Amino acid sequence: MARPAPVPAKKSPTAAAETPPNAAFLFAEGNYSTAQDKLMGRMSATENFLRGFVRHSGVEEFHCCVARQEDLDQFKRRVSEFAGGERPVKGVTPTDLGRIADHATLYRPGPNVGYFAWLRRPHGNRRFSICGVTHTTAEHVVMDGLGESVLAPTQAWDALVCTSTQVRAMVERLMDNFADYLAARSGGKAVRPIRLPLIPLGVDCEVFAATPERKREGAALRKSLGIAEEDVVVLFVGRLTHIEKANPLPMLLALEAAAKRTRRKIHLLQAGWFAGPEMEKTFRNGAARFAPSVAHHWIDARKPEHRYTVWAAGDIFTSLSDNIQETFGLTPIEAQAAGLPVVVSDWDGYRDTVAHGDQGFTVPSFMPPPGTAGDIALRYAAGIDGYGRYCMATSQSIAIDIDAAAEAYRRLIEDAGLRAKMGAAGIANARDRFDWKIVIRAYQDLWRELAEARRSAPESMPAEAGKPLHPLRDDPFTLFAEYPTAFVAGETMAALAPGGARQRLADLKRSALANIMPGVLLPEAELWSLAEKLGKGPRSVADLVDGLPEAKRGIALRSIGWLAKIGLVKLSAPKGG
């Protein structure tokens, strides 16, 4: 029986007549590129999200938030690449987020919404919405980030998109745990104001379609591996690691059992990459030991010539995920788009994407009950175990029903008609629910809802005059106010030091010792203008900056301190100070 599909954000009845909702993408090239050795699923997801947005959003101009000029240049290149031609692009920096107000949403390709809520606060909590998305949630930095989303000034117009019902339940539990702790600690009331909408990851169904050309490429790959036309290929695609992905042991044991129940020749083609020689040795030795009746093949799916062709070489796709690292799982969707029936574990996001008996088979999974791994959590919290060992410690007690998997494999291996029927159902499922045209529309509907909430919903934690915008990141000259003898302000006297010529200023600015952070000081011409005011005699600092615009006074005071530091100006503490 099919499970209900993930419910996207509600669609506005007037959406078609409105300007398509836009977003500024928080962009760093490494997060949006699959052209790298240590390829992770989230990199594929973010690269393809941007591709899908460029192609299906209907916006005329694209926006990004970048820390470096190189990332802005790369964002422009990626947009042009995906659009098939140059498109207008604008960028802002993380310290100038107020400029994204017209675009309404800051999109972060990860779950830490709270971090950017702090950066938004100086510009006003209503200035724009923040939208994040879950990938893995087992890493401690991600868990801490989810906690910060409760602690930070997040709003009802912010959202963390959860890609599956299972990961949303985990996020709700963790956030509620932290909110309860904060409430008990402070004697107040703590809530999680951000929304947790359910929107899946997407795929470009056309890219995976089994076209005649793709079928020829797949047949050529099979031939190069020595696979006969009548043989059956079971395909796994993904990182080849039992630590942070899927332990291959249940798959191997089930395929070996299936091989003994059928006369068909079975090949297991694992397409991915190994983290290192030891991991490869572990996988190869395990394959020979636990599935000796199966022919084994490995290819590097990072290579462009294999990335899509490999799907056409398979007859059945399988992924018996057993790891808390997984939250959604793109490869079963990609397999369905390619027309392959799937055998997957009944685990995490696979439950939302595969209906047992329709697009393939889901295999029961079993996990120890809640409350039986407090010691594992403590080892992780104490730093005794890192992320990998934390995942290993949990996954080694998560079981997949090997007999059920073996029977699912056998049925599909022996019944080409069933493979074709389930493959066709998979194509329809992928196109109707997971194609980027569908997913991008769901995001834009969500962003439209968030924009409406910004106009009408109550504001949480508005900024208060005289209090820091971020209580743990206060102005350092306020935070360390007890350190100095006196302040560069008020009646502190400033005088031009002997030899304080402009040429000396220029020389000192070229020194790495003197010119440490020029970006937080006045430009050279304005620096000298301050020094020139002292040419007629000493003046109080208050008199020296009198007449400057309010926005420049703080920078001017910092600049006077710097001029004194390099010896061009002499400061004297006020009498009685």
Within segment 498-510, does at least one residue satisfy the condition of being surrounded by 19 or more Cβ atoms within 10 Å (Cβ to Cβ), more than 27 Å from the chain's Cα centre (by Cα) and in contact (Cβ under 8 Å) with a residue 12 or more places away in the chain? yes
Filter segment 193-234 down to residues that are over 30 Å from residue 351 (Cβ atoms) and hydrophobic (A, V, I, L, M, F, W, C) and give me whichever is surrounded by the fewest Cβ atoms within 10 Å (Cβ to Cβ). 228
Just give me the residues in segment 86-109 being touching a strand residue (DSSP E or B) at 6+ places or on another chain (Cβ under 7 Å), within 17 Å of residue 451 (Cα to Cα) and of a type in the set (Gly, Ala, Ser), in sequence order. 104
Based on what the data block shows, is residue 165 hydroxyl-bearing (Ser, Thr, Tyr) and in contact with a Ser or Thr (Cβ under 6 Å, 6 or more places away or on another chain)? no
Go through segment 300-319 and give me each residue that's modelled with pLDDT of 95 or more, not in a helix (DSSP H, G or I) and not acidic (Asp, Glu). 314, 316, 317, 318, 319
Condition test on residue 355, is it among the hydrophobic types (A, V, I, L, M, F, W, C) and either more than 22 Å from residue 435 (Cα to Cα) or surrounded by 24 or more Cβ atoms within 10 Å (Cβ to Cβ) (or both)? no
Among the residues in segment 525-544, are any at pLDDT 90 or above, surrounded by fewer than 16 Cβ atoms within 10 Å (Cβ to Cβ) and either among the acidic types (Asp, Glu) or in a helix (DSSP H, G or I) (or both)? yes
When you look at residue 190, is it under 23 Å from residue 454 (Cα atoms), modelled with pLDDT of 95 or more, in a loop (DSSP other than H, G, I, E, B) and among the hydrophobic types (A, V, I, L, M, F, W, C), yes or no? no
So in segment 377-388, with the set limited to residues that are touching a residue at least 24 places away in the same chain (Cβ under 8 Å) and not small (Gly, Ala, Ser), which one is nearest to residue 245 (Cα to Cα)? 387
Filtering segment 38-64 down to residues that are farther than 30 Å from residue 238 by Cα and of a type outside the set (A, V, I, L, M), which residue is surrounded by the most Cβ atoms within 10 Å (Cβ to Cβ)? 62
Quick one: in segment 121-142, of everything that is among the polar types (S, T, N, Q) and closer than 21 Å to residue 155 by Cβ, which residue is surrounded by the most Cβ atoms within 10 Å (Cβ to Cβ)? 129
Of the conditions (1) at pLDDT 75 or above; (2) in contact with a helix residue (DSSP H, G or I) (Cβ under 7 Å, 6 or more places away or on another chain); (3) assigned to a loop (DSSP other than H, G, I, E, B); (4) not hydroxyl-bearing (Ser, Thr, Tyr), the single one that residue 8 does not satisfy is (1)
Just to verify a result, which residue in segment 155-174, among those that are among the hydrophobic types (A, V, I, L, M, F, W, C) and under 23 Å from residue 448 (Cα atoms), is surrounded by the fewest Cβ atoms within 10 Å (Cβ to Cβ)? 156
Of 142, 161, the only residue that is touching a residue at least 24 places away in the same chain (Cβ under 8 Å), in a helix (DSSP H, G or I) and closer than 30 Å to residue 329 by Cβ is 142
Across segment 239-261, the tally of residues that are touching a Lys or Arg at 6+ places or on another chain (Cβ under 6 Å) and assigned to a loop (DSSP other than H, G, I, E, B) stands at 2
Which one of 362, 372 is over 13 Å from residue 246 (Cβ atoms), outside the structural domain of residue 135 (by TED's automatic domain parsing), outside any helix (DSSP H, G or I) and in contact with a strand residue (DSSP E or B) (Cβ under 7 Å, 6 or more places away or on another chain)? 362
Restricting attention to segment 262-296, the residues that are crowded, with 22+ Cβ neighbours inside 10 Å and in a loop (DSSP other than H, G, I, E, B) number exactly 1
Could you list all residues from segment 193-218 that are in a helix (DSSP H, G or I) and under 29 Å from the mean Cα position of the chain (by Cα)? 205, 206, 207, 208
Residue identified as touching a residue at least 60 places away in the same chain (Cβ under 8 Å) and under 20 Å from residue 239 (Cα atoms) among 355, 301, 287: 301
Quick check on my filter: what residues within segment 374-388 are within 17 Å of residue 326 (Cβ to Cβ) and either surrounded by fewer than 16 Cβ atoms within 10 Å (Cβ to Cβ) or small (Gly, Ala, Ser) (or both)? 388
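The values are calculated or read from the model by the stated rules, or taken from the named source; none is laboratory data. If you're wondering where the values come from, they're calculated on a predicted model, not measured in any experiment. Note that we place each Cβ from the backbone using ideal geometry, even for glycine, and neighbour counts take in every protein chain shown.
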